[in-house]
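Data block below; observations after.
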Amino acid sequence: MPLFGSQRKHSNERRRSRNSPGESGSTPTLPPPPEPHQQQGGAPPQSMLPSRQELLFHCQLAHGSATREIKDFSNVKELYSRIADCFSIPTTDIIFCTLNTHKVDMTHLLGGQIGLEDFIFAHIKGHSKEVTVGKSDTALGLTITDNGAGHPFVKRIKAGSIVSRIPQVCVGDMIEAIDGRSMVGTRHYEVAKLLKDLPQYTEFTLRLVEPRKAFEANIVVQHSLI
C-alpha cells in the first residue's frame, strides 16, 4: 500500500509541474548534445566534422605564414584542399594539422571534432631523411597514425624502445617509404603491419619527411645506424 500511495503522489507532482506556468517543466526540453567521438588512434573520421554551412576558421602554416580564412569544407580531404588553395601549396604537402598550437604536439592533433573557435595550424613537408634501422627486438616502439588523406606519420615513440635510440626519427615525421616501397596513400594500420612483419635481427631503411620549421629548405639528409 505505501508504494502505490507514493506513486500517486509523484504522479500528481509531475502533473502539477507540467501544468504550472513559469517552471522549468513547462518549457520543452531539447535532447542533450551528442557525446564527442572517442578515438583510439588513426585518421580523423570525416563524418565527425561540422556541417558545411557552419565552417569558418582561421589558419596558418605552422612554420609561419599570414592568417587565412578557411571555409566551405565538410571533410578532412576538403579541408586540406582549402588550406592548399589559400596558401598556394600542393595538397600533398600537408602532413597533418594541429589545433590552437603551431607546435608538433600530438595532444592537439586535428581529430574527430573541430570547434568553431579552433585555430588551425597546418604542418607541411620539410626536410627529407633516410635512416637505417636494425630491428633488434620484435617491437620498434612506434605508434603510427595518418592524416586521412594519404600520409602516415609518427604519433608517439615509446621510451626505451629501438626507435627512441635513433634521434633522427621524431614525432610528426611522415613515413614516406620503407625499404624503397612508397607508403604514400597507405593507412596507418597497413604501415604498422608491414613494420611488425619485418623479420627480427634484420635492417631496413625508413625514408622520412619531417614537418617544416621556420626558414628551412628541402634537403635530403642520410643517416645510417648499425
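The values are calculated or read from the model by the stated rules, or taken from the named source; none is laboratory data. Not measured: the values here are computed from a predicted model. Using ideal geometry, Cβ is built from the backbone for each residue, glycine included, and neighbour counts are taken over all protein chains shown. Surface accessibility is based on the protein's heavy atoms, side chains included, excluding ligands, DNA and RNA. Shrake-Rupley method; radii C 1.70, N 1.55, O 1.52, S 1.80 Å.
Brief remarks follow.
- For the stretch 97-119, a residue qualifies if it is in a strand (DSSP E or B) and touching a Ser or Thr at 6+ places or on another chain (Cβ under 8 Å), and exactly one does: LEU109.
- Scanning the stretch 69-114 for residues that are open to solvent by 30 Å² or more (accessible area, probe 1.4 Å) and of a type in the set (Gly, Ala, Ser) yields a total of 3.
- Candidate set: the stretch 119-128, residues that are open to solvent by 10 Å² or more (accessible area, probe 1.4 Å) and modelled with pLDDT of 95 or more; chosen: the one nearest to ILE89 (Cα to Cα): LYS125
- Number of the exception - SER88 against (1) within 13 Å of the chain's Cα centre (by Cα); (2) farther than 21 Å from ALA192 by Cα: (1)
- Scan of the stretch 178-206 for residues that are within 22 Å of the chain's Cα centre (by Cα) and in a loop (DSSP other than H, G, I, E, B), ordered by number: MET183, VAL184, GLY185, THR186, ARG187
- Condition broken by ALA149, with the remaining ones in (1) within 27 Å of GLU78 (Cβ to Cβ); (2) part of a loop (DSSP other than H, G, I, E, B); (3) touching a His at 6+ places or on another chain (Cβ under 8 Å) satisfied: (3)
- Of HIS127, HIS123, all but one fail to be touching a Cys at 6+ places or on another chain (Cβ under 8 Å) and not in a loop (DSSP other than H, G, I, E, B); the exception is HIS123.
- The condition (being in contact with a helix residue (DSSP H, G or I) (Cβ under 6 Å, 6 or more places away or on another chain) and at pLDDT 95 or above) is satisfied by just one residue among ARG68, ARG82: ARG68.
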